[in-house]
Structure formats: structure tokens, C-alpha cells
1. Among the residues of the stretch 118-160, what is the count of those that are assigned to a strand (DSSP E or B) and either buried (at least 18 other Cβ atoms within 10 Å of the Cβ) or not hydrophobic (A, V, I, L, M, F, W, C) (or both)?
2. Does at least one position in the stretch 226-249 carry a residue that is free of Cβ contacts under 8 Å to residues at least 60 places away in the same chain, among the hydrophobic types (A, V, I, L, M, F, W, C) and outside any helix (DSSP H, G or I)?
3. Looking at this structure, is ASN173 over 16 Å from ILE20 (Cα atoms), open to solvent by 30 Å² or more (accessible area, probe 1.4 Å), in a helix (DSSP H, G or I) and of a type outside the set (Ser, Thr, Tyr)?
4. Hey, does the stretch 44-61 have a residue that's closer than 28 Å to SER27 by Cβ, out of contact with any strand residue (DSSP E or B) (no Cβ under 9 Å at 6 or more places or on another chain) and of a type in the set (Phe, Trp, Tyr)?
5. How many of the residues making up the stretch 130-159 are farther than 18 Å from CYS248 by Cβ and either more than 15 Å from the chain's Cα centre (by Cα) or without any contact (Cβ under 8 Å) to a residue 24 or more places away in the chain (or both)?
6. Starting from residues that are assigned to a helix (DSSP H, G or I) and in contact (Cβ under 8 Å) with a residue 60 or more places away in the chain, keep the ones in the stretch 33-84 and report whichever is nearest to TYR103 (Cα to Cα).
Amino acid sequence: MKRTIIFVEGTHDAEVMARILKIKGFSHLRKKSVVDDFWYSIIPKSFPNNDDLLERIPVPMFYKNGESEVALYSCNGISKIEAAYKSIRDSVYVQFSGINSVYVIVDCDNRPEADVRKEIVNLLSFPLSDKSILNVQGVNYGLYILPNNSDKGTIEKLLLECAEIQYTAVLNNAKNFVDTIDFTKLSNEDKKEIEKPFGKEKAILGAVATILKPAKSLPVSICDNEWITDKTMTQKTLSELADYIGQCL
């Protein structure tokens, strides 16, 4: 069996990875009974997590294609990627024993890509410092900085490019909607998120998702609608990410 773990920051990233895996022929394993018992050690056995009744239970999503399996970890931020990564490496599958490939995927945000890469390498004691795939004692390691392993930005750049292909009219209307809002009429608290770097891009994507899936979130829309398809795979940012991930699956 060929096994891969992918660590991502949040639910948007996880749903994009899930759609890429689906296009590559992987099926989502929704029942524990069909998951290889090798993975049972990383399935939480108790509730609540960290004594917090509102905290999401950190259950990986599992995917399979023939003799290849993937555990996809949505970690809710870099600090939790660090905790999950080190716990698995140091305690559960020591030095990732039994695992063929380990990917870490994070947003560049508004920082130089090299700075983000250096931070992750230092934070995780990650064995890879460049943009290649590195094999260390039989384990392949990959570190991908969204949106494209070079530029500033987030996964929202990738999704906007997908929407330009798949939902052109809806996207244009969503942009017009966001552009016509007078944000000076909002309180500082209300406009705090949209004034952050890439805040408007996230608002535009949220508006598109609201049309496609009224009253539901963007991750639900990514899962259910046609953001990631063979058609949108023609755009460079998405295809490069899919090719990178596909090297070791």
C-alpha cells in the first residue's frame, strides 16, 4: 500500500485538495470500516478536543485509489499544522514509518515566498528547503506555498482563476457588488476582515458561493459545485498544484 499524508491550513485548502484527488481517481472513504486500520492511530478517540466543546474534532479525510491512500489533514492554521505534524512524526508513526509521502501546503499570504518557506522549514524541522520533492530514508517530502510556489497570495487566487473559467458571469457580478459597497459606512469592527490583505478577494468568492449554494459556505460550494474540474485544470495555478501533488501519489 502506498500512503500519503497532506497537511493543509484550513477547510478551503482541504476541499481544493479533495477535488484534485477526485480528478486523479481517488474516492472519499466516509466510513471508518473501509479505512485501512493503519490510519486508526490518527483518528480521534475522544470528545471534546482539548476540553473545548466548540472546537472541531481534527478528523482527517481519507481517500483511496487502488493501492494508494491519502490522509488529508485540515489543521486550521500553521500553529496546528506544527502540532499535528510533530505529533505524528514523533509519536504516532515515528519518522513517518509506513508512510511514503508527506506534503505540507500553506498560504504565502502577503509575505515573500522564501520567508514563508524558511519559517515552515524551521518550525517543523522540515528536511526540504527548496521547491522539489525530496526523498529522505524512503519518505518523499514536499512543501508547497500557495498560490503557486512563488508569488504572494492565498488559495483564493487559484479559486478566482477557476471562477473566471467556470462562473464568469457570476464572478463579474460578484466583483461589481463588492466594488460598489461603501465600506466607510461600516464600523471598524465590521470592516476589519475585508480590509486585511486579500479580504476583498475572499468576499468576492463568498458572494459567488452564496449564489451557487445559498446560505452555505465556500468550502461546501467547492465540494459540491464545479470550481475544480477538468475544464478549470487548464488554468496554470491549479494545474501546477495538481502536478506537484500528483508526483508522489
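The values are calculated or read from the model by the stated rules, or taken from the named source; none is laboratory data. Just so it is clear, the model here is predicted, and its values are computed rather than measured. For neighbour counting, all protein chains shown are included, and Cβ atoms are generated from backbone atoms with ideal geometry for every residue, glycine included. The area values use the complete protein model at the heavy-atom level, side chains included, leaving out ligands, DNA and RNA. Shrake-Rupley method; radii C 1.70, N 1.55, O 1.52, S 1.80 Å.
1. Adding up the residues that qualify gives 10.
2. Here is the first cut: in the stretch 226-249, the residues free of Cβ contacts under 8 Å to residues at least 60 places away in the same chain are 239, 243.
Subset that is among the hydrophobic types (A, V, I, L, M, F, W, C): none.
No.
3. Details: over 16 Å from ILE20 (Cα atoms): yes; open to solvent by 30 Å² or more (accessible area, probe 1.4 Å): yes; in a helix (DSSP H, G or I): yes; of a type outside the set (Ser, Thr, Tyr): yes.
It is true that ASN173 is over 16 Å from ILE20 (Cα atoms), open to solvent by 30 Å² or more (accessible area, probe 1.4 Å), in a helix (DSSP H, G or I) and of a type outside the set (Ser, Thr, Tyr).
4. Yes - at least one qualifying residue is present in the stretch 44-61.
5. Residues flagged as farther than 18 Å from CYS248 by Cβ and either more than 15 Å from the chain's Cα centre (by Cα) or without any contact (Cβ under 8 Å) to a residue 24 or more places away in the chain (or both) within the stretch 130-159 amount to 3.
6. Residue satisfying both the conditions and the ranking: ILE81.
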